[in-house]
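Colleague: Below: one structure in structure tokens.
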Amino acid sequence: SLKESYGALELVEFTTRENGVFIANAALADVLITYDIELQDGTSTKARIISVTSTGGLATGQITESYTPPSQPIGPRSRHIFGTESFLIDLIDGGNDLNYEFELQVFAESASNTNLPCNATTILQFTAN
């Protein structure tokens, strides 16, 4: 493979020529984040979702959104999708690393015993450079 023979390759920049004019281009990636929940494997108790909040985007400009909890409890084989966000990320950003962070925070309780909380927070982070 190329990587084994020559090492990792990195695209730094590319240009095109349109009507005799050189134009710098970007390499873009469309990242789709899906905010959803389901119970852990082996969980037999249903969970009543109380509140759900997502925060995501560039680490320097987070966007927060609250979602309406499902009207019915989440069961052992249930999955509920709250929403999706699409981010267009410039993979050739002039040498600046761009840090992205996405978080989904869920507050819930057992559907059969309101004294048993089952809250969760999940964080996904990555850097585009």
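Colleague: Restricting to region 33-91, give me the number of residues that are modelled with pLDDT of 85 or more, touching a Pro at 6+ places or on another chain (Cβ under 8 Å) and of a type in the set (A, V, I, L, M, F, W, C).
Modeller: 4
Colleague: Can you tell which of T55, T60, T45 is within 24 Å of E101 (Cβ to Cβ) and either more than 15 Å from the chain's Cα centre (by Cα) or not in a strand (DSSP E or B) (or both)? Write out each step before concluding.
Modeller: On the way: T55 fails: either more than 15 Å from the chain's Cα centre (by Cα) or not in a strand (DSSP E or B) (or both); T45 fails: within 24 Å of E101 (Cβ to Cβ).
Answer to the selection: T60.
Colleague: Across region 63-84, which residue is nearest to the chain's Cα centre (by Cα) among those that are farther than 17 Å from A108 by Cα and among the β-branched types (V, I, T)? Before the answer, list the steps.
Modeller: First, the residues of region 63-84 that are farther than 17 Å from A108 by Cα: 63-65, 83-84.
Filter once more, keeping what is among the β-branched types (V, I, T): 63-64, 84.
Working: I63: 12, T64: 13, T84: 8 Å.
Among those that are farther than 17 Å from A108 by Cα and among the β-branched types (V, I, T), it is T84.
Colleague: Going by the conditions given, is F87 within 20 Å of L124 (Cα to Cα), over 15 Å from the mean Cα position of the chain (by Cα) and either among the aromatic types (F, W, Y) or assigned to a loop (DSSP other than H, G, I, E, B) (or both)?
Modeller: Details: within 20 Å of L124 (Cα to Cα): yes; over 15 Å from the mean Cα position of the chain (by Cα): no; either among the aromatic types (F, W, Y) or assigned to a loop (DSSP other than H, G, I, E, B) (or both): yes.
No: the conditions fail for F87.
Colleague: Any residue at all in region 92-106 that's surrounded by 12 or more Cβ atoms within 10 Å (Cβ to Cβ), modelled with pLDDT of 80 or more and either assigned to a loop (DSSP other than H, G, I, E, B) or basic (K, R) (or both)?
Modeller: Residues of region 92-106 surrounded by 12 or more Cβ atoms within 10 Å (Cβ to Cβ): 92-93, 98-106.
Subsequent filtering for residues that are modelled with pLDDT of 80 or more retains 99-106.
If we keep only those that are either assigned to a loop (DSSP other than H, G, I, E, B) or basic (K, R) (or both) too, we end up with none.
Looking for residues that are surrounded by 12 or more Cβ atoms within 10 Å (Cβ to Cβ), modelled with pLDDT of 80 or more and either assigned to a loop (DSSP other than H, G, I, E, B) or basic (K, R) (or both), one finds none in region 92-106, hence no.
The values are calculated or read from the model by the stated rules, or taken from the named source; none is laboratory data. Small disclaimer: the values here were computed from a predicted structure and weren't measured. Using ideal geometry, Cβ is built from the backbone for each residue, glycine included, and neighbour counts are taken over all protein chains shown.
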